[in-house]
Amino acid sequence: MTNESLVNRDWEGVVARLGGAEMLNVTARETRAFLRPREITNAVDLLRLLLAYCLGERGLRLTAAWATSVGLVDISSVALLYRLRQCGDWLALLVGRVLASAGPKASQGRLIRIIDATTVPKKAVAARKKNELWRIHSAFDLPQERFGTSN
């Protein structure tokens, strides 16, 4: 599955795997990622924009232009940035549920953590010349179904 297929061809499968449109709407409201429908009318469209921005090779302006060109939503890059900033907890919840559903049944009640150390290159030109990186460390506590510390 490629990045483009996640935001285009295989979209219905992604929504179904995450629990369906109603579950996405409920979890987005619970985590305050989606409160009122304005330009973006539902949580499914918000998730599609989020994944298009995160997984695509375009910035905010091109993501907003893409959303307009496919008829998803007509939104400015600034408004898109504001919406995406509200989605951190929601995205963590969705990732946590997917990881927990894929966990073995024997993990119930045991202390099992999935630990990841990811590096992301910094965006500025000067940072690229020096190969500067952001280091992201995360630990997913499988029995608690939440992200926690990596201690």
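Here, each number is a calculation from the coordinates, and none is a lab measurement. From a predicted model like this one, the values you see are computed outputs, not experimental measurements. Cβ placement follows ideal geometry from the backbone for every residue including glycine, while neighbour counts extend to all protein chains displayed.
Site pair S69 and A127 shows an inter-label distance of 2.6 nm when each label is modelled 7 Å from Cα along Cα→Cβ.
Working note: Karplus 6.51/-1.76/1.60 with θ = phi - 60° gives region 118-123 the couplings 10, 10, 10, x, 5, 8 Hz, where Gly and Pro are set to x. Placing R0 at 25 angstrom, the Cβ-Cβ distance between L62 and A117 gives a FRET efficiency of 0.25 after rounding to 0.05. Per-peptide packing, taken as the mean over residues of other Cβ atoms within 10 Å, places 68-77, 114-123 in the sequence 68-77, 114-123 from highest down. Near the amide H of T31, within less than 5 Å, lie no amide hydrogens of residues on another chain or at least 5 residues away, with H placed in the peptide plane. In order along region 67-74, the Karplus-derived 3J(HN,Hα) couplings, from 6.51 cos²θ - 1.76 cosθ + 1.60 at θ = phi - 60°, round to 4, 5, 5, 8, x, 6, 6, 9 Hz, and Gly and Pro are given as x. Each of L133, L93 has some number of other Cβ atoms within 10 Å of its Cβ, and from fewest to most they run L133, L93. Multiplying the residue separation of S138 and S77 by 0.36 nm and subtracting their alpha-carbon distance yields 19.1 nm. At full extension, D89 and E30 could sit 20.3 nm farther apart than now, given 0.36 nm per residue minus the alpha carbon distance.
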